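Working notes, beginning with the structure itself.
The values are calculated or read from the model by the stated rules, or taken from the named source; none is laboratory data. Model, not experiment: these values are computed from the prediction. For neighbour counting, all protein chains shown are included, and Cβ atoms are generated from backbone atoms with ideal geometry for every residue, glycine included.
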Amino acid sequence: MVAMTKKLKTFQIIFSDPSKTFYCGGDQVSGRVEVEVCDVTRVSAVKILGLGCAKVEYAKGKQRCRQEAEYFRYQAVLQMQDQPTDADGSVVLRPGNKYEYTFGFELPDQGKLVSSYKGKFGYVHYYVKALMERPQQPVLECKKSFEVEEPLDVNTPDLLVSGMKEKKVTCMFIPDGQVSLNAKIDRRGFCEGEDICINAKFENTCSRIVVPKAAIIAKHTYQANGRTKVLRQKLSSVRGNHIISGMCDAWQGKTIRVPKIKPSMLGCNIIRVEYALMIYVHIPGSEKLILELPLVIGTAGMGSRTNSVSSQDSSASTASQSWVSLRMPSDPPSYCDVTRDCRLDQPLTPLLDDFDGDDSPIFMNAPVFQYPPPPAYSEVGISDKLLQ
């Protein structure tokens, strides 16, 4: 940020490492304040302020809810080396020169900060502000923000344990049966780009055709003035095959990938960001059957990450095998190699509309059609002779 006045040409903050994308607790934040003037300017003091704060603000009816929290504050008066000062500590800045005030401070230890965040009704903001005081003139200021990302290791024992839930529901307005599901994941902690393996069982004893689905859900909670506001957002989803009445289905290692998202934010007392794996069954004419398994999204590259790496290796190996199976043969097959049982492989026919917000319809497997085998060479020859 550059302030331009009649007597100031440049007034800005430059960090020592401009390429640094984020800081962690315990890191050193350092840089310089650059000043250039157009006219002779007397400066009584240049102060630096480092601040980290959270703020929530939203309307609840006619009431305006607002809450703030401060996580760190640093203040200091900066001095220039080899710059003569007057008895009152002021200095005179002259045109044609570039003046630099250096600063540096240490962030609080890990665990005492929360990661930077910007949401619909609140934010967590970190910045450095420089204030220039001049005799009998307004104070000038410039500000520069920086990002903080607190490490969150998903290899802690409580995040490596599996999660499992079971739920049944009797369909509303359909008293002839019920839908049930139970689901399990191998652990609760994941990082961006990892695959979550889902093992689930579904049973449909009602008269409707149902569809199982899964989605990663983000839950943003804002607290202000004793009131709470919650926003839920679907980030990514997968769906299974339809299940007709009286049938069951199972997911064995069905995967959903963690998209590019911010890590879980659990340490702020007015803003909280949580994630969950929602497994649900869409039931036409009734409420969804929903089951949620909590997730903790951590920062990449923390800890040994043995389980995460093995999960990625496993998924990479599976993907590699699937690509191998999709490779086209080098030469086209001969006529004799063509199977004699040529049938349409599971044609897709729209079954019903999905009112869950997806644009694509639900598909079912149409009846299998049997086609006659291709004729033999000898039969072709006989047919040609008969036509002559």
(request) Look through segment 271-293, keep the residues that are among the acidic types (Asp, Glu) and part of a strand (DSSP E or B), and return whichever of them is nearest to Cys206 (Cα to Cα). (result) Glu292
(request) Pick out the one residue from Lys288, Lys254, Lys229 that is of a type outside the set (Phe, Trp, Tyr), in contact with a Phe, Trp or Tyr (Cβ under 6 Å, 6 or more places away or on another chain), within 30 Å of Gly177 (Cβ to Cβ) and in contact (Cβ under 8 Å) with a residue 24 or more places away in the chain. (result) Lys288
(request) Residue by residue through segment 48-97, note down the ones that are free of Cβ contacts under 8 Å to residues at least 60 places away in the same chain, polar (S, T, N, Q) and either in a strand (DSSP E or B) or over 19 Å from Ile13 (Cα atoms) (or both). (result) Gln75, Gln83, Thr85, Ser90
(request) Assess whether Lys219 counts as being modelled with pLDDT under 95 and within 21 Å of Leu159 (Cβ to Cβ). (result) no
(message) Any residue at all in segment 144-156 that's surrounded by fewer than 16 Cβ atoms within 10 Å (Cβ to Cβ), touching a strand residue (DSSP E or B) at 6+ places or on another chain (Cβ under 6 Å) and at pLDDT below 85?
(response) no
(request) Check Arg42 against each of (1) in contact (Cβ under 8 Å) with a residue 60 or more places away in the chain; (2) charged (D, E, K, R); (3) more than 26 Å from Thr10 (Cα to Cα) and name the one condition it does not meet. (result) (3)
(message) So for segment 21-36 (the condition being at pLDDT below 90 and either in contact with a Phe, Trp or Tyr (Cβ under 6 Å, 6 or more places away or on another chain) or in the same structural domain as Tyr126 (by TED's automatic domain parsing) (or both)), does at least one residue qualify?
(response) no
(request) Could you list all residues from segment 118-159 that are out of contact with any Phe, Trp or Tyr (no Cβ under 6 Å at 6 or more places or on another chain), in a loop (DSSP other than H, G, I, E, B) and closer than 30 Å to Tyr99 by Cβ? (result) Pro135, Gln136
(request) Looking only at segment 160-179, decide whether some residue is assigned to a strand (DSSP E or B), of a type in the set (D, E, K, R), under 20 Å from Gly240 (Cα atoms) and in contact with a helix residue (DSSP H, G or I) (Cβ under 7 Å, 6 or more places away or on another chain). (result) no
